[in-house]
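Please treat every number below as a calculation from the coordinates, not as lab data. All of these numbers come straight from a predicted model, not from anything done at the bench. Every residue, glycine among them, receives a Cβ derived from its backbone with ideal geometry; neighbour counts consider all protein chains shown.
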Amino acid sequence: MQCHTTGLGTLRNDLRYRSVAVRRGSVMGRSELVGVPSAIREDQENKRDKELAERAKMGDTEAFGELIQTHRDRAKRWAERMTQDSHMADDIVQDALVRAFLHVGTLADTSRFLPWFHRIVQNQANMRLRRGGPYKREQPIGGWQENEYGGVDRIQWDNLDSLLRHLTRMSAMSAAQKTDPAEQLLRKELFETIHVLLRSLNRRERGIFESYFFRQLSPDEIAQMYHTTTGSVHTYLHRSRRKLRQAHVRVMLGLPPEKGGVDMNQAHIVKLAEWPQTSSTLTTFVDRIGHMLASIGDQRGTQELMGESGFAFRMKISNKTTFADGIYVFDWRQTLKTIMKELGYEISILCGQLSEKPVPLLAASERFPVVLPIEEAILPFIRRYINMGKPVLYFDTMASSPHVHEWSLIYGYDDAKREVYVTDLMLPEGKTLNYDDLAENPLRFLAGIDGKTEKSVSGKRSAEDRAIEAIRFAIHYGRKGCNYWPMTDYLSYTSGLRAYDRWIKYMTDSGILPNRYGMGQLAAVYSEAKKYAALYLKSVPLKGEAMRLVLLASEAYVQTSEELERVSTLVPFIRSSSLLTTEVRTECASLLLQAKEFEAAAIGYLENAMSLIFGREQR
């Protein structure tokens, strides 16, 4: 079985946010087969499915994303025919897609992907139905008999509050008559809980929810009633169901639920400092730290941040294929604390992962605590720092294409609109995320600056000491690799100079299908990182022969960057359905080999420089 962690993050985004793994303009797509005779069209579709299934089996998440886009509606129809329940069908398809993704590596005959996937949907539907069908032990509103409760004339059946009050009252009466008072008490508490939960909806949401679920009106009829579109009605219903789920968690925890959508009605925006393109870097963890510091009046050069943080010298490659997840796999909490302490700041971190959800970048987040999808766990943290005039570092799993996820800054919030303002690498004007998206982000990581340390480490240590520490890190990382290892057995990475060997193998082994999207991001990020390594080393305040050797290392990093930039030109960081040709893979392997030789030379120069300063025995 093959398990693809980066792919899980991509899949999760596709299922929940519908923003990634949907590839456009693909060769010989379904839209291009319109007008083709049915027999020929079916044959071409089967061939296309087989090709995509073969690529998905090898770990190509883009190919699996296209299979999802092609067959999701068909899977929904299968599930609806079995369950006769649209909402249950949505859940079944969601579960089936995740299971298919996890087990696609076991698919023996790729020409039979569709029957295989149909069987997974069927199994998931049967599992749900065996648990009791769409309603389990509950009875739908339409199945209630008037004489079951009596006094029907006292109920306003088109009014949600009247209906719920009636159910609660009848449950209390029934509890006094039945021989199992414990069960009846639970039933009464359930109705009372529902009554409280529905208070979390505002007037318009409750009206639409009531019209659809209790008055049995169609979305078209509700749209006419509210002078809106059918699509908006579906959006309101989806939003209401999500808010009810979150409200239920609050009630279970004993927290006060939101009432009628009434918020604190506060809003605040931090004015971010100018962050020109010349200061920006594709290593967005460092980039956002720099922008965050600049916004509180502490301007730091990007080359200084990249060098002293060590990110200029890092390289990590997945041991599965050219996934881009190695860029993100490090100890987020400790690394951030160390960097900020070196810069003279104390920070607070809020992190976690949601349970029962595919969590992207599991290798980086598996040590995070399991948290609940409630706003109260996030919004106070954001408000605290924004109200102090400080942006908040945030890991965004809804980053704009071509990114799957990236580091960003939250720089404002608006309680009336229920939105936060977020930077986005691809959107200079920024964007907004609603509070629900924040609460349901499966990988939670936020950090805020509390203030300067009492004894700033950077103030105590000289620039020369910091440079020597950075060079030592570069040497150790290059020779020994990264000290951070995932706890999960099936996730592993190669780092340092040996990462080049892993990368080259993916280019030369015909039995491995490189992930094209990940390949493009790796080349773009690491070519730029080596450029900053060269710039940083040129600026260090060493002297004499040691400085001459460091300058030679700087020049070697320039050449490393140039070779990786050529790889980036061959495989640009864009969404594309095209595979890497044998010629491109061969040329990339040659360029990567040269890049490794240049970086190995750079590490050698740095080792010699440290030997001059400390002597070989202290290297």
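Please list 3J(HN,Hα) in residue order for region 503-514, calculated via the Karplus relation 6.51 cos²θ - 1.76 cosθ + 1.60 where θ = phi - 60°; whole Hz, with x for glycine and proline.
Per-residue couplings from phi come out as 5, 4, 4, 5, 7, 9, 8, 5, x, 10, 9, x Hz.
Could you please report the charge total around Glu599, scoring K, R as +1 and D, E as -1 over all other residues with beta-carbon less than 15 angstrom from its beta-carbon? If you can, show how the numbers build up before the last one.
Numbers: positive: Arg314, Lys316, Arg479, Lys480, Arg498, Arg502, Lys530, Lys531, Arg566, Lys596; negative: Asp501, Glu528, Glu555, Glu562, Glu563, Glu565, Glu597, Glu607.
Taking every other residue near Glu599 into account, the sum is +2.
Enumerate by residue number the trypsin sites (Lys or Arg not before Pro) in region 465-548 meeting two conditions: DSSP loop (anything except H, G, I, E, B), and at most 11 other Cβ atoms within 10 Å of the site's Cβ. If you can, show how the numbers build up before the last one.
Values: sites: Arg466, Arg472, Arg479, Lys480, Arg498, Arg502, Lys505, Arg516, Lys530, Lys531, Lys538, Lys543, Arg548; in loops: Lys543.
Answer by residue number: Lys543.
Select from region 580-619 those GluC sites (Glu not before Pro) which occupy a DSSP coil region and have at most 14 other Cβ atoms within 10 Å, ordered by residue number. Could you put the intermediate results ahead of the total?
Working: sites: Glu583, Glu587, Glu597, Glu599, Glu607, Glu617; in loops: none.
Within region 580-619, no GluC sites (Glu not before Pro) qualify (loop, at most 14 other Cβ atoms within 10 Å).
Give me the extension gain from Thr432 to Ile349: residue separation times 0.36 nm, minus the current Cα-Cα distance, reported in nm with one decimal.
Values: separation 83, 0.36 × 83 = 29.88 nm, distance 2.17 nm.
Separation in residues times 0.36 nm, less the Cα-Cα distance, equals 27.7 nm.
What residues have an amide H closer than 5 Å to that of Asn515, excluding those fewer than 5 places away on the same chain, when H is modeled at 1.01 Å from N in the peptide plane?
The answer is Thr322, Phe323.
Quick one: net charge of Ser561's neighbours, Cβ under 9 Å, K/R +1, D/E -1? Present the calculation step by step, with values, prior to reporting the outcome.
Values: positive: Lys530, Lys531; negative: Glu528, Glu562, Glu563, Glu565.
After counting each charged neighbour, the total is -2.
Loop-only check: which GluC sites (Glu not before Pro) in region 357-440 are DSSP coil with at most 15 other Cβ within 10 angstrom? Walk me through the intermediate numbers first.
On the way: sites: Glu366, Glu375, Glu376, Glu406, Glu419, Glu429, Glu440; in loops: Glu366, Glu440.
Qualifying residues, ordered by number: Glu366.
Are any of the pairs Lys76/Lys357; Lys337/Lys505; Lys341/Lys543; Lys47/Lys316 more than 29 Å apart by Cα-Cα distance, and if so, which? It would help to have the intermediate numbers written out before the result.
On the way: Lys76/Lys357 20 Å; Lys337/Lys505 35 Å; Lys341/Lys543 27 Å; Lys47/Lys316 36 Å.
Pairs exceeding the cut-off: Lys337/Lys505; Lys47/Lys316.
Calculate the FRET efficiency for Asp501 and Thr228 from the Cβ-Cβ distance with a Förster distance of 60 Å, rounded to the nearest 0.05.
Working: r = 59 Å, r/R0 = 0.98.
That pair, Asp501 with Thr228, gives E of 0.55.
Modelled label-to-label distance, Arg119 and Arg461, 7 Å Cα→beta-carbon offset: nm?
With each label placed 7 Å out from Cα toward Cβ, I get 5.8 nm.
Round to the nearest 0.05 the FRET efficiency obtained for Ser611 and Lys341 when R0 = 41 Å and r is the Cβ-Cβ distance.
Values: r = 29 Å, r/R0 = 0.70.
The formula returns an efficiency of 0.90 here.
Expressed in nm to one decimal, what extension gain is obtained for the pair Asn46 and Arg77 from 0.36 nm per residue of sequence separation less their Cα-Cα distance? Mind dumping the intermediate values first?
Numbers: separation 31, 0.36 × 31 = 11.16 nm, distance 1.95 nm.
That works out to 9.2 nm of additional length.
Fully extended, how many nm does the chain gain between His87 and Thr488 (0.36 nm per residue separation, minus their Cα-Cα distance)? List each step's numbers first, then the result.
Numbers: separation 401, 0.36 × 401 = 144.36 nm, distance 3.38 nm.
Once the chain is fully extended between His87 and Thr488, it gains 141.0 nm.
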